[in-house]
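Here's the structure, in C-alpha cells; my notes come after.
Please treat every number below as a calculation from the coordinates, not as lab data. What you see is a predicted model, and the numbers here were worked out from it, not measured in a lab. Cβ coordinates were reconstructed from backbone atoms using ideal geometry, including for glycine residues, and neighbour counts include every protein chain displayed.
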Amino acid sequence: MNSGIHYHFADADFEYSSAVYTLFGIPYDGTTSFRSGTRNGPRIIRELSYNFESWMHEAASDLKDIPLYDYGDLEIGVLPEDVVLDVMHLVMTLIKDKKIPILIGGEHSVTIGAVRAVRPDWYLVCDAHLDLREEFRGTPYNHGCTTRQVIEDGVPHVAIIGARSGTWEQYEFAQKRVVLYTADMVRELGIARVIKEVSEAVGNSRVYFSVDADVIDCCLTPGVGTPEPFGLTPLDIRDLIRTFAARIIAFDYVEVCDFDNGQTATVAVQLIREFIVRNWLSRIRS
Ligand code: MN
Ligand code: MN
C-alpha cells in the first residue's frame, strides 16, 4: 500500500506489545504565534515516510526489523495545558510499558508534557528560538515557553543548539541557566567540536532530545511557522542524533508544517528514522 492516506508511519509494523519504540502524533497548533499549520505535521510526516527504502545502508539495518509501533494521533483538546497533560499521561503509560516514546508534533509546547513524564537528566534541544519566555499571550504553555517550562519543572541540565532568536531577557536567562550553542557558534566552531563538548558534559546521563524543525535554515526547509535563516543543516542534526542516540530515552520532532514542497517533513522523516536505527543498534550491541 503505497498510495492514499497512510494511517501509520512506514515500516512501523509491530504490535504495541512487542514494540520497543512507540511513535505518536500530536496534531496541535493552538498557541502558534506567526503562522499556524503544525497541526498537519503528523499527517505530512507519515505520508512522506513512504518515500524511503526500509533498508538503511549506512546503519546496515532494515527498519522493518526494528520493533516500532505507531499509536496514531493523540486525541487533543483546545487549551495548551490540557494538551500538555494528555501528552504527559500517554508518555507515562509508554514508559511504564517500557517503550521509548517518539513524539511527532504539533507545536513545541507538546514537549513539556513528555519531559514531565520522562524526567531526564539532560534536555537537549535543537531550535532556532530560545523558547525561554516565562509566559506568552497569557499562558506559560505557549510554544515560545517550552524550554523555560522544562527548566521550571526541574530538569537539571539543558543545552540549546542552533538558536538565533530570542529577546534580550531570554539571552540573559540563558547565560545563567543553559548551555547555549547559537547557530553562529556552531558555524564558527564546527558541529563536531560542539558535539564533542556537549557529549563530554552529558556523559552517560539520560537525555531527552527535542528537534524543533525551525533549527534548520529556512532556506532549506521552509515548512515552519516561525522561519529563521542562518541556521543549521540537516546533516548537523543527523550528526547530533547519531552521537546521542544511545543516551536518548525519549525523542520528539516538532513544528513541521505542510505548506512547503515537503522538504521539511522529508528531513523530519529521515531524522526520526536515524534516531530509531541508531538507538536500536546501541541496544543490540550492548
Ligand atoms: Mn521551539
Ligand atoms: Mn523554534
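Based on the Cβ-Cβ distance of TRP168 and MET92, what FRET efficiency does E = 1/(1 + (r/R0)^6) give at R0 = 41 Å, to the nearest 0.05?
With a Förster radius of 41 Å, E is 0.65.
Kirkwood Rh, the chain, all Cα pairs: how many Å?
18.5
Based on alpha-carbon centroids, what's the gap between the stretch 15-35 and the stretch 83-124 in Å, whole number please?
Here the two parts' Cα centres lie 9 Å apart.
Which value, to two decimals, describes the C-alpha radius of gyration of the stretch 39-169 once divided by 2.2 N^0.38 Å? Numbers along the way, then the final one.
Details: Rg = 16.3 Å, N = 131, 2.2 N^0.38 = 14.0 Å.
That ratio works out to 1.16.
For the stretch 224-281, what does the relative contact order come out to in percent, with C-alpha contacts under 8 Å and a separation of six or more?
Numbers: 33 pairs, mean separation 26.6, N = 58.
Normalised by residue count, the contact order of the stretch 224-281 is 46 percent.
Per residue, what volume in Å³ does the Cα convex hull of the stretch 191-243 take up? Don't jump to the answer; show the numbers that get you there.
Numbers: hull volume 4.4 nm³, N = 53.
Expressed per residue, the convex hull around the Cα atoms of the stretch 191-243 is 83 Å³.
Under 19 Å from the 7 Å Cα→Cβ point of ARG137, by amide nitrogen: which residues of the stretch 78-96?
78-85
What is the ratio of the Cα radius of gyration of the stretch 160-286 to 2.2 N^0.38 Å, where N is its residue count, to two decimals?
Numbers: Rg = 14.8 Å, N = 127, 2.2 N^0.38 = 13.9 Å.
So the stretch 160-286 has a normalised radius of gyration of 1.07.
Please give the calculated 222 nm ellipticity per residue for the chain, where each DSSP H segment of at least 4 residues contributes -39500 (n - 2.57) and the sum is spread over every residue; nearest 500 deg cm²/dmol?
Numbers: 9 runs with 104 residues, N = 286.
It comes out at -11000 deg cm²/dmol, rounded to the nearest 500.
On full extension of the chain, what length is gained from LEU85 through LYS176, given 0.36 nm per residue of separation minus the C-alpha to C-alpha distance?
On the way: separation 91, 0.36 × 91 = 32.76 nm, distance 2.86 nm.
That pair, LEU85 and LYS176, stretches by 29.9 nm at full extension.
Using 0.36 nm times the number of residues separating GLU188 and ASN204, minus their current alpha carbon distance, what extension gain do you get? Display every interim value, and only then the final one.
On the way: separation 16, 0.36 × 16 = 5.76 nm, distance 2.69 nm.
Residue separation times 0.36 nm, minus the Cα-Cα distance, leaves 3.1 nm.
Report, for the chain, the % of DSSP beta bridges that are antiparallel, rounded to 5.
On the way: 4 of 40 bridges.
Close to 10 percent.
Taking the Cα of ILE284, stepping 7 Å toward and past its beta carbon, and measuring to each backbone N in the stretch 233-262: which are under 18 Å?
From the stretch 233-262, the list is 242, 245-247.
If amide H atoms are built 1.01 Å from N in the plane of the peptide, which residues on other chains or at least 5 residues away come under 5 Å of the amide H of ASP62?
Under 5 Å from the amide H of ASP62 lie the amide H atoms of MET56, each far enough along the sequence or on another chain.
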